[in-house]
Amino acid sequence: YNEEDREQAYYAWIHEYNHHRPHTSLNGLTPSDRVPNLAGKNTYYVLARLESGATRARREALLGQQPEVLDLIAAAQEAGSPLRRAAGEVAALAPEPSASVLREVDAHLRVGFSEAEAWQSLADDPVWGSTARDLARSARTGEAVADTIHLHATRTREAHRDHLNKKARTVAVKSVGPMMACFLPAFILAGVVPIFVGIASRYLG
């Protein structure tokens, strides 16, 4: 196995464990049945440690763009555009990589897939998976899609804010070492050396 194979195998195992494997301690439910948006928030930081640089950059870009993209989809719907058309319309406006994600959904719709099947194609995406599964369920059951979209936009904003806060704390901790390396020599030269010079001159002078 190379690094990419290990990455994909881990994603598959996490998804199976959280979304398809019943747990005795949960009375036969899966963790995703008990914790909303499990893939979007709770596995986010675990996966981040195992990703390549390109995969991490794509995921972080998707996470940062998703709230605004969902807001655009909701706005298109409120303007009268059905969900099946909104994906293609917003794909033309959204930045990459979000545009590619929506084009994938639109491509499924254009070749005859149902809305539920088109959104379900993103079920395993580490960022869009939770939203896509809920949109697929709404399409199957006829639930109000706008509420689902706004809910996921709020949750994604929270997840992105948490990620940025964690990243800022990490940067602050990592900066302590270089700062000490910069200031310690100056402290020694300005504070410690004169003391030893004064002691030495007193005893030797």
Amide H of His23: which non-local residues (sequence gap of 5 or more, or other chain) have their own amide H closer than 5 Å, using H built in the peptide plane?
Gly28, Leu29, Thr30
If you count, for each residue, the other Cβ atoms within 10 Å and average over each peptide, how do 110-116, 63-69, 130-136, 89-95 line up from highest to lowest?
130-136, 63-69, 89-95, 110-116
Considering only C-alpha atoms, what is the centroid distance from the range 77-91 to the range 93-159, in Å?
12
Added length on full extension, which subtracts the Cα-Cα distance from 0.36 nm per residue, Ala79 to Asn27
14.4 nm
Taking 0.36 nm per residue of separation between Ala146 and Ala92 and subtracting their Cα-Cα distance, the length gained on full extension comes to 17.4 nm
Chain lengthening between Leu164 and Arg110 when straightened (0.36 nm per residue, less Cα-Cα)
15.7 nm
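The numbers here are math on the coordinates, done by the rules we state, and not lab data. In this text the structure is predicted, and so the values were computed from the model without any measurement. Cβ sites come from the backbone with ideal geometry, for glycine too, and all protein chains shown count toward neighbours.
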